[in-house]
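Okay, structure first, notes after.
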Amino acid sequence: MSGQETGKQLLHLVFGGELTSVSGVEFKDLDALDIVGIYPNYATAYAAWKAKAQGSVDNAHMRYFIVHMHRLLDPETDAA
């Protein structure tokens, strides 16, 4: 992945795992987290997230998340 053809690179992390409760965000086993990948923009991260989320639909405790890494790296920038 070389990044976007145009525009600023905005990194996103997609990861997931089994939660201890469907109403929280505490993971059952941190060693078993599924690090899907780091993506150069939200659109590709969303596509990866959607594929993983739909693939785990039979397990109510399994959740996947998108982390806006670019906001952590440069908190002064409020880019989408």
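FYI, it's all coordinate maths here, none of it is from the lab. All of these numbers come straight from a predicted model, not from anything done at the bench. Virtual Cβ from ideal backbone geometry, glycine too; neighbours counted across all protein chains shown.
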Inset, instruction - Give me the distance in nm between label points sitting 7 Å out from Cα along the Cα-to-Cβ direction at Val67 and Ile38, one decimal. - result: 1.1 nm
Legend entry - Partners for Lys28 among lysines (Cα-Cα distance below 27 Å; same-chain residues under 8 apart left out): Lys50, Lys52
Legend entry - the range 12-73 - Kirkwood radius from inverse mean 1/r over Cα pairs (Å): 11.9 Å
Inset, instruction - Would you calculate the separation in nanometres between label points at Leu30 and Asp74, each defined as 7 Å from the Cα along the Cα-to-beta-carbon direction? - result: 3.0 nm
Legend entry - Extended-chain gain in nm, criterion 0.36 nm per residue less alpha-carbon gap, Ala47 and Val22: 6.7 nm
Inset, instruction - Quick one: which residues, 5 or more positions from Leu11 or on another chain, have an amide H under 5 Å from its amide H? H modelled 1.01 Å from N in the peptide plane, none for Pro or chain starts. - result: His70
